[in-house]
Amino acid sequence: MSQMQLYRRAGWGSAIVEMQMAHYGLPVAPVELADLFLDAAARERLMQISPAGQIPVLVLPDGKVLSESAAITLYLADLTGRDDLVPGPGAAERADFLRWLIYLVAQVYPCFTFGDVPSRFLTDPAAQKQLAEATIARLQDLWSALEPVAGGPWFLGARFSALDLYLAAMINWKPGPEWFQTRAPRLWTIAEAAAARPEIAPVWQQNFA
């Protein structure tokens, strides 16, 4: 294998990594996946290399597998030797970047894992409905807590980072664009600006247009 492979599906979490790859100008071979919620065989095949059965999954040229978007984010910064998406150890923004990166993947993201298809975890329809509603409410609380923290013009203030690319993808998911426009306008504005960057726009369009 001469280049990295990215297991992807349009509009899913792989978009976050695709936008980073585009920013860095890194070549990547896409591996298109069926809907993992509907196609059990596709999910089982993915689980052979990534036990969680989730994307993004990045396969390196030597065959090593990287899953988890935060791990991939940090790896790509190390690979390129650049600090324009991930503030370096001596940067004033480093602590805030790490805090909110893990917040997004450890607090926000699990709401999609459990709430998008509750039938994976619960058999009772009433309980499934309750879980779906509870995760949407939790998402609204988590995003509302993040809204006053956001700087401008980027999340970290003057410094663009991978957090802005996370936002560019995640505002398209629950609780939905209309909610962000009205209830989290600062996050919405940052996400829109990130999606419009020349190197990012084609990838964003492919995933969310």
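Taking the criterion of being in a loop (DSSP other than H, G, I, E, B) and either among the aliphatic types (A, V, I, L, M) or closer than 26 Å to E93 by Cα (or both), the residues of the stretch 173-208 that qualify are A184, A196, R197, P198, E199, I200. Can you give me the number of residues within the stretch 175-194 that are under 17 Å from A158 (Cα atoms) and open to solvent by 10 Å² or more (accessible area, probe 1.4 Å)? Number satisfying all stated conditions: 5. Quickly run through the stretch 85-125 and pick out the residues that are out of contact with any Phe, Trp or Tyr (no Cβ under 8 Å at 6 or more places or on another chain), crowded, with 19+ Cβ neighbours inside 10 Å and not in a helix (DSSP H, G or I). Within the stretch 85-125, just E93 meets the criteria.
With the structure loaded, tell me whether A132 is buried (at least 17 other Cβ atoms within 10 Å of the Cβ) and either modelled with pLDDT of 95 or more or under 19 Å from P177 (Cβ atoms) (or both) or whether it fails that test. Outline the logic, then answer.
On the way: buried (at least 17 other Cβ atoms within 10 Å of the Cβ): yes; either modelled with pLDDT of 95 or more or under 19 Å from P177 (Cβ atoms) (or both): yes.
Against the criterion (buried (at least 17 other Cβ atoms within 10 Å of the Cβ) and either modelled with pLDDT of 95 or more or under 19 Å from P177 (Cβ atoms) (or both)), A132 qualifies.
On the stretch given as the stretch 32-81, residues that are more than 20 Å from the chain's Cα centre (by Cα), open to solvent by 80 Å² or more (accessible area, probe 1.4 Å) and farther than 17 Å from G13 by Cα total 5. All conditions but one from (1) touching a Phe, Trp or Tyr at 6+ places or on another chain (Cβ under 6 Å); (2) over 25 Å from V86 (Cβ atoms) apply to I55; the one that does not is (2). Pairing residues of the stretch 102-124 that are over 16 Å from W143 (Cα atoms) and at pLDDT below 95 with residues that are of a type in the set (V, I, T) and part of a loop (DSSP other than H, G, I, E, B), at Cβ distances under 9 Å and at least 6 apart in sequence or on separate chains, gives no pairs at all. Of the residues making up the stretch 46-72, those that are assigned to a strand (DSSP E or B) and without any contact (Cβ under 8 Å) to a residue 24 or more places away in the chain are V65, L66, S67. Residue count for the stretch 1-40, restricted to those that are modelled with pLDDT of 95 or more and assigned to a helix (DSSP H, G or I): 11.
The values are calculated or read from the model by the stated rules, or taken from the named source; none is laboratory data. What you see is a predicted model, and the numbers here were worked out from it, not measured in a lab. Cβ atoms come from the backbone with ideal geometry, glycine included; neighbour counts cover every protein chain shown. Note: areas computed on protein heavy atoms with side chains; ligands, DNA, RNA excluded. Shrake-Rupley method; radii C 1.70, N 1.55, O 1.52, S 1.80 Å.
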